[in-house]
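Here the structure is laid out as structure tokens; the discussion comes afterwards.
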Amino acid sequence: MLLSHEKSYKDMVDSIVNLDEETAIELANKAINDKMNLMDVVEKGYAAGIRKVGELWEEGEYFLPELMRGAQIMQNCLDLLIPHLQEGSEGISRGKVVIATIEGDIHSIGKTIVGTMLRAYGFTVFDLGADIPAEKIVDFAIEKEVDVIGVSALLTTTMFGQKKIIEILKERNLLNRFKVILGGAPVTSSWVKECNADGFAENAIDAVKLVKSLLNK
Ligand code: B12
């Protein structure tokens, strides 16, 4: 059983790397029907696939249109999988989280997965989307009285926007009011320390653990 799952994950990775949308969609539908663990499907299958596409792009094997196509196929698969991940998430909220990708950065896939996963674990999640100014994220957090602010950045140039969130909170004397968590491929624990944020997570499963522990849930 487990071995066959490993084969499915590999097929999903390959479908993204080969930009084979038909197979990618077929495998996503099959995973839903077979009641596979869909978070593993997302992380070990499709997310691993798009990261591999990124590596090929970095190596000069793939060009930007291929990267964009891979991301589009991944997004289409997520659109199929996400409603099933959210099933059963109704009920009492464990806390409120606002999540966004910072201004200047359009990478949205990882942020969406984290938001979806938190929702699936009973948190109320407001996903503001990508390319969102720091001020807007903070204003929203205040308005909705959230517990956690999650900020994604995939570019080394946009990471500074994550720090800006903390600076705005400091200026407004609100640092103790929210927990701020960071994420995205370039984010490290030393960056989190430098920003004075409350934590970071390398994937959506760890993001849930992090939020749970920060809110003592
Ligand atoms: C897909 C992709 C794109 C897609 C994005 C589509 C979309 N709608 O998101 C497209 C093609 C549009 C794109 C564009 C660009 N990209 Co791009 N892209 C990628 C790629 C290959 C994968 C990103 C991804 O989706 N990964 C899969 C998800 C699941 O993983 P993830 O994002 O890391 O998220 C996980 C964790 O980080 C964490 N997490 C994420 N967010 C958060 C938030 C919180 C709060 C928490 C707790 C956790 C968390 O959990 C997530 C789930 O596991 C990366 C390579 C890479 N290795 O990251 C390059 C990469 C990020 N891109 C890069 C670049 C340079 C660009 C462009 C500038 C290219 C160009 N010349 O135009 C533009 C950027 C435009 C802009 N202004 O933003 C570089 C960045 C280099 C750098 N160091 O700054 C990378 C690293 C590629 C590379 N190796 O050079 N890209």
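The values are calculated or read from the model by the stated rules, or taken from the named source; none is laboratory data. All values derive from a computational prediction rather than experimental measurement. Positions of Cβ are generated from backbone atoms using ideal geometry, with glycine treated the same way; all protein chains shown enter the neighbour counts.
Out of everything in region 30-84 that is more than 11 Å from the ligand (Cβ to nearest atom) and among the acidic types (Asp, Glu), what residue ends up being surrounded by the most Cβ atoms within 10 Å (Cβ to Cβ)? Step by step, filter region 30-84, then rank; the result is Asp40. Restrict the check to region 73-94 and report whether at least one residue is part of a strand (DSSP E or B) and touching a strand residue (DSSP E or B) at 6+ places or on another chain (Cβ under 8 Å). The answer is no; no qualifying residue exists. Only residues that are at pLDDT 95 or above and outside any loop (DSSP other than H, G, I, E, B) were counted in region 18-44, giving 13. State yes or no: is Asp198 within 11 Å of the ligand (Cβ to nearest atom) and more than 25 Å from Ala48 (Cα to Cα)? Yes, satisfied. Would region 145-161 turn up any residue that is more than 13 Å from the chain's Cα centre (by Cα), in a helix (DSSP H, G or I) and more than 13 Å from the ligand (Cβ to nearest atom)? Checked against the condition, which is being more than 13 Å from the chain's Cα centre (by Cα), in a helix (DSSP H, G or I) and more than 13 Å from the ligand (Cβ to nearest atom), region 145-161 yields no hits at all. Within the bounds of region 85-93, is there any residue that is under 23 Å from Asn37 (Cα atoms), more than 13 Å from the chain's Cα centre (by Cα) and surrounded by 19 or more Cβ atoms within 10 Å (Cβ to Cβ)? Scanning region 85-93, I find at least one residue that is under 23 Å from Asn37 (Cα atoms), more than 13 Å from the chain's Cα centre (by Cα) and surrounded by 19 or more Cβ atoms within 10 Å (Cβ to Cβ), so the answer is yes. Only one entry in Thr188, Thr157, Thr112 is surrounded by 15 or more Cβ atoms within 10 Å (Cβ to Cβ) and of a type in the set (S, T, N, Q), namely Thr112.
Taking every residue in region 169-197 that is touching a residue at least 24 places away in the same chain (Cβ under 8 Å) and more than 17 Å from Val98 (Cβ to Cβ) and pairing it with any residue that is near the ligand (Cβ under 10 Å from one of its atoms) and of a type in the set (Ser, Thr, Tyr), at least 6 positions away or on another chain, the pairs with Cβ-Cβ distances below 6 Å are Pro186/Thr156.
Number of residues in region 176-185 that are over 23 Å from Arg51 (Cβ atoms) and surrounded by 15 or more Cβ atoms within 10 Å (Cβ to Cβ) equals 3. Checking each residue of region 158-180 against the condition of being at pLDDT 95 or above, within 21 Å of Val42 (Cβ to Cβ) and hydrophobic (A, V, I, L, M, F, W, C) gives no match.
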